[in-house]
Each structure stands twice: as C-alpha cells, then as structure tokens.
Amino acid sequence: MKIDKVTCDWLLELYRTRKIPLEGNVLKVIDLDGTDEDFKEYINESINKDKETRRKRLDITKQVQEKNRELQNSQDEVQRINNNLKDALSNAEASKKNAEEAKDVALNDLDIIQKKSQTELIGTIVKVALGVIMFVGVITTIMYIISLFMDKDTQIIGSTWSNMFGILLTNAFSIIGTIMGVKYASESKKE
C-alpha cells in the first residue's frame, strides 16, 4: 500500500505531537519505496513498538491464563476439601447416632442385668431367711419332742417354742416386706 507525502507528514506529525504510532497489520502492507527516511524510520519504529506491544500482550495473556489455571486448580481443591468435609460430617453424625444407639442398648442391658441381679439377690435372701427360720423351727420342735418323750417339764419349752415360732414368722414377714419395699422403691426411682 502506497502512502502519499501528505499522509506521511500527517502521520509523522501525529506521532511527534501526540505520541500515537500506527499499529497492527497495516504496518506490514505499507510500501516504503519512494518515502523519505524520517517516515521509514517512523514505520520501522512503529513495527518494533507493535512487536513489543504484542509480545507484552502475549505475556500478559499467558500470565492471565496461568492465573486462571491456578484459580481453577484452587477451586477444584476447595471443592474436594468441601466434599471431604461433608463426608466427614455425615460420618460423624452417623457415628454419633450409632454411639447413642449403642449407649441406649448398653443402658437397657445394664438395667436388665441389675434387675436380674436384684431378683437373684432377693431370692437368695428369702431362701436363706426361710432356711434359718425352718432350721430354728425344726431344732426347737425336735427339742420339744425330745422333752415330751423323756417326761421332762415341757411348760418352759412349750412357751419358748410358741414364742420362737411367733418371732420367726414375724421376722420372716418383716424381711420379705422390707425386700419388697426396697424393690418397689428402686423401680419407682427409675421411672
């Protein structure tokens, strides 16, 4: 593309006064034959500045693209961490729920074991108390029968035998009543 002298002068004046050079692909198609040296120098300078500007733009574009890749990688990492946190929270909630269920089962089992132990203990106490009562009653009865066969005075042993059975029966009912009261009181507290 040929440029006349007036346009060449005007472009040179624009560059000198306002520092606005020609840019872009138009510089490649300008025919410099027949132009003065100032204009050739101006075009060569504009070409060099255009190359430098394009190089800078390319560097900036590359930097922006690199930053975008880094940001994308960071976003992917943040998303991955968020997903891991969500999974961990879900697992923690499930573990908490399982722990609460296990606690409830353990407390229920403990309550059953305690009731069973209490029932066994009460049964043992009742059996021992009845055994003692029966043993004392049998011994006293045997002593009373022996006294009768030996023609000894049975008035003291008879009244003692009668009193002994009364005391033993009273104590037996007292023990059983106490045990039932304790059992009833412990059940009432739990409710």
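What follows draws every value from the coordinates through simple rules; no lab data is involved. Source: prediction; values computed, not measured. Cβ placement follows ideal geometry from the backbone for every residue including glycine, while neighbour counts extend to all protein chains displayed.
Taking a Cβ cut-off of under 14 Å around ASP4, the surrounding Lys, Arg, Asp and Glu residues balance to a net charge of -2, with basic ones at +1 and acidic ones at -1. The relative contact order of the chain comes to 13 percent, based on Cα pairs under 8 Å that sit 6 or more residues apart.
The stretch between ASN82 and LEU169, if pulled fully straight at 0.36 nm per residue, gains 23.7 nm over its current Cα-Cα span. Looking at the stretch 90-170, the trypsin sites (Lys or Arg not before Pro) that sit in a DSSP loop and have at most 11 other Cβ atoms within 10 Å of their own Cβ are LYS152.
Axis angle, to the nearest 10 degrees, between helix 155-190 and the longest C-alpha principal axis of the chain: 10 degrees. Computed over the alpha-carbon atoms, the stretch 44-142 gives an Rg to Rh ratio of 1.88, Rh here being the Kirkwood radius from the mean inverse distance.
D by Stokes-Einstein for the stretch 85-143, Kirkwood Rh over Cα pairs, 10 °C, 1.306 mPa s: 102 µm²/s. Determine, from the Cβ-Cβ distance of PHE135 and GLN114 and an R0 of 25 Å, the FRET efficiency 1/(1 + (r/R0)^6), rounded to the nearest 0.05. It comes to 0.20.
Considering all C-alpha pairs of the stretch 87-191, those separated by over 20 Å amount to 63%. For the chain, taking the reciprocal of the average inverse distance between every pair of different Cα atoms yields a Kirkwood hydrodynamic radius of 28.7 Å.
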